[in-house]
Amino acid sequence: MHLVPPIKNIKSRKVRSVLTANIDALSWEEAIARIVSSGAAHESRYVCICNVHSVVTATMDPEFMKAVNDADMATPDGAPIAWALRKLGFPSQERINGPDLMWRYLEEAQRLKHKVFFYGSTNATLARLCVSIARCFPHLKVGGTYSPPFRPLSDEEDNAEVAMINRSRANVVFVGLGCPKQEKWMAAHRGRINAVMIGVGAAFDYHSGAVARAPIWWQRNGLEWLYRLASEPRRLFKRYLITNTLFIVGFSRQLLMEKMRRRRAVLP
């Protein structure tokens, strides 16, 4: 077992709370470097990729909030979360999103001869994902893929999955179970899986070609959520309407409280 103290104890880690979720302020280079370093040592760690839905869910689900706040790294996935960190004192903060984080790490993994494992989604999506990855990264070492049952696992089944992943000697395990399931799963398996676990949400669907991703211009201008909404309006309308509204109200209140705190601090 390769359990180590959480990265949050490292002094260089810069974290700010967005609503109730602790999010790392960091660059792309820092994010990839942390994953590479911990993965090379087979440290049992996990990374959460946090968008508006994640941050709002954390205010309503104590178990999920604990999973995010106990993570070894939580990146600002959505453009509003990166914007929030900029407002909270990190003016150069970029969006560190799941699909791009996965792809950038795969480039490094191929160069460094690291091994990866893909856990989640469906067998069909995983098969298409492997074809796509082999085309782009022909020398990448893939330790395995696994689509778990869409039901709670017995202890025996869970232990068998852990053993299978550890036998693969993967440095990084990409987890595509969707929010909040993947974050809770990673939190429950830190200390058991000897790799860095990264919850990447819909990245499997994007990189396999199962779901079309927004064009680059939309991504760079913080409109990827709008593209997704236009693609799946029935499924996503209520979610975006509720979570975006709650985020705007909640973070506006947080900013107001922050300004009041700073004002009191400078008063004689």
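Let's see how each residue does on (1) within 30 Å of Asp61 (Cα to Cα); (2) in contact with a strand residue (DSSP E or B) (Cβ under 9 Å, 6 or more places away or on another chain):
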{"residue": "Ile133", "(1), (2)": "no, yes"}
{"residue": "Ser147", "(1), (2)": "yes, yes"}
{"residue": "Phe174", "(1), (2)": "yes, yes"}
{"residue": "Cys179", "(1), (2)": "yes, yes"}
{"residue": "Gly191", "(1), (2)": "yes, no"}
{"residue": "Ala195", "(1), (2)": "yes, yes"}
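Yes/no per residue for (1) of a type outside the set (Gly, Ala, Ser); (2) closer than 22 Å to Ala109 by Cα; (3) out of contact with any Gly (no Cβ under 9 Å at 6 or more places or on another chain):
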| site | (1), (2), (3) |
| --- | --- |
| Gly144 | no, yes, yes |
| Arg151 | yes, no, yes |
| Glu157 | yes, no, yes |
| Val162 | yes, yes, yes |
| Arg169 | yes, yes, no |
| Pro180 | yes, no, yes |
| Met186 | yes, yes, no |
| His189 | yes, no, yes |
| Ile193 | yes, yes, yes |
**Report entry** Top-ranked residue in the range 95-110 [being modelled with pLDDT under 95 and among the charged types (D, E, K, R); ranked as surrounded by the most Cβ atoms within 10 Å (Cβ to Cβ)]
**Finding:** Arg95
Query raised in the report: Does Arg95 qualify as being under 26 Å from Thr243 (Cβ atoms) and not aromatic (Phe, Trp, Tyr)?
Result: yes
Report task. Identify all residues within the range 111-165 that are open to solvent by 40 Å² or more (accessible area, probe 1.4 Å), closer than 20 Å to Pro180 by Cα and within 21 Å of the chain's Cα centre (by Cα); write none if there are none. Result -> Thr122, Tyr146, Phe150
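The values are calculated or read from the model by the stated rules, or taken from the named source; none is laboratory data. Quick caveat: nothing in here was measured; it's all calculated off a predicted structure. A quick note on method: Cβ atoms are made from the backbone with ideal geometry, for glycine too, and the neighbour counts reach across all protein chains shown. To get the accessible areas, we keep the full protein, side chains included, count just its heavy atoms, and leave off ligands, DNA and RNA. Shrake-Rupley method; radii C 1.70, N 1.55, O 1.52, S 1.80 Å.
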